[in-house]
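Structure, as structure tokens:
All of the numbers you see were taken from the coordinates with simple rules; none came from a lab. All values reported here derive from a predicted model rather than from experimental measurement. FYI the Cβ positions are ideal-geometry reconstructions off the backbone, even for glycines, and counts take in every protein chain you see.
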Amino acid sequence: MSFLNQFSRRKFLMTVGASAVSSVLLKGCLGNPPDSTTQIQQVSAVNISPEQAPETTKVKLGYIPIVEAAPLIIAKEKGFFTKYGMTDVELSKQASWGSARDNVEIGSEGGGIDGGQWQMPMPHLI
């Protein structure tokens, strides 16, 4: 009972408020943004035999801007798609999982996407 007497409602609200304000202020301290002099190293193209070459070099991939999209974005920026013969890859940010699903059903010819980042049940549900 003495533990509960030590903390008042006012002290609790002050602590929560201070924590919220400090978390907002520290949000910008997560890292420095890249400066304009930062260069991304491009990888050199690999000699691909005709039987291993992709069927198409053009694809439009959708992604939801969350951590799981990092492999697609990094592969595009570092040139991994080009390295393995996919010279015309476009990444398209999607508004939600529902819009990504609908855009796959439309297809890239109709302004949608060919594929992209999915969480496991989505391909089965489509």
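Once the Cβ-Cβ distance of S49 and W97 is raised to the sixth power relative to R0 = 30 Å, the FRET efficiency obtained is 0.20. Once backbone amide H atoms are built at 1.01 Å from N, S92 has L61, G62, Y63 as its partners under 5 Å, excluding neighbours fewer than 5 places away on the same chain.
The phi torsions of the stretch 65-75, fed into the Karplus equation with coefficients 6.51, -1.76 and 1.60 and a -60° offset, translate into couplings of x, 10, 4, 5, 7, 4, x, 5, 5, 5, 4 Hz, rounded to whole numbers, with Gly and Pro shown as x. Each of I113, A95, G79 was scored by the projection of its Cα onto the charge dipole of the stretch 73-126, and the greatest displacement toward the positive side belongs to G79; charges sit on the C-beta of Lys, Arg, Asp and Glu. Couplings 3J(HN,Hα) of the stretch 99-114, computed from phi: 5, 5, 4, 5, 5, 5, 5, 6, x, 5, 5, x, x, x, 10, 8 Hz, in residue order, whole Hz [Karplus 6.51 cos²θ - 1.76 cosθ + 1.60, θ = phi - 60°; x for Gly and Pro]. Each residue of the stretch 90-96 was assigned a 3J(HN,Hα) from its phi angle through the Karplus curve 6.51 cos²θ - 1.76 cosθ + 1.60 (θ = phi - 60°); the sequence is 10, 9, 10, 6, 9, 6, 7 Hz, with glycine and proline shown as x.
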